[in-house]
1. Let's test this: bin the Cα-Cα distances of segment 1-140 at 5 Å from zero up to the farthest pair and state each bin's percent.
2. Would you mind computing, in nm to one decimal, how far apart the modelled labels at residue 178 and residue 272 are, each placed 7 Å from Cα along Cα→Cβ?
3. Hey, can you rank 52-59, 243-250, 3-10 by average C-beta count inside 10 Å, highest first?
4. Given the Cα atoms of segment 190-272, and with Rh set as the inverse mean 1/r over their pairs in the Kirkwood sense, what is Rg to Rh to two decimals?
5. How much length, in nm to one decimal, is gained on full extension between residue 248 and residue 165, taken as 0.36 nm per residue of separation minus their Cα-Cα distance?
6. By how many degrees, between 0 and 90 and to the nearest 10, does the Cα long axis of helix 17-30 differ from the longest principal axis of the chain?
7. Most fluctuating residue of 27, 116, 261 in a GNM of the chain with Cα springs under 10 Å: which is it?
8. Give me the number: length gained by fully extending residue 16 to residue 255, i.e. 0.36 nm times residue separation minus the C-alpha to C-alpha distance, one decimal in nm.
């Protein structure tokens, strides 16, 4: 199976559809199969005590709830995104952060993802499971008991994740991928990375993750909480090439077979 690569645009568009379109174009050109956004209802997702807290932003001082609305796409924006993704030939879906967002996104995609922050919200997990064909969950910042509880809703893909932004490499626990493959043999195991660099993602591909997710950005110095843990355009092209090269390298189980490049060298060195 070809590795499915998800370029998570998330909220790195900073509320600008044209920025989102540029990231879609780059992801499609690099060879990603999907782009992913995030969908929230700010009134439900922002705690009451934080709604009126003032925040400095590139758009001036504003209440935190207004800032979250400034980042959020609605129907008009997602209609444009759907049209643009169709035009460039890439699939898209979103992480859903509340039940209203589940209802909203079911009009656009048969695929949804529960972010690491919310896999303990089993009501949300259940609603998403009933509303989509393909359900994904990420397991960052979660205990084994919380993951097992979410697994009761039979997600189709479970992503190993460390939720540091960026994640320190000594905290990535990449060997958990093999452990999860053994524990959940009937579920596809993926990797969602938030670290600097590409090596951990290559390791995940070599370990057999059929789904790989990385945040993407036009520039890591842009405003936003996820930008620094994201991959810039040049890195995304390198990432896809590396994964494809790994796919070519693997598959050597079974009897040792002489390879085409070895025959001439065997003849020159052994005479046979």
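1. 2, 10, 19, 21, 20, 15, 9, 3, 1, 0
2. For the pair residue 178/residue 272, the computed spacing is 3.6 nm.
3. Numbers: 52-59: 11.6, 243-250: 13.5, 3-10: 24.0.
Packing order, densest peptide first, comes out as 3-10, 243-250, 52-59.
4. 1.23
5. Stretched out fully, the residue 248 to residue 165 stretch lengthens by 26.8 nm.
6. 10 degrees
7. Fluctuation is largest for 261.
8. Net length gain for the segment: 80.6 nm.
Where a number appears in this text, it was derived from the coordinates with a stated rule and is not lab data. Here the structure is a predicted model, which means the values were calculated and not measured. Ideal geometry is used to build each Cβ from the backbone, glycine not excepted, and the neighbour counts take in all protein chains shown.
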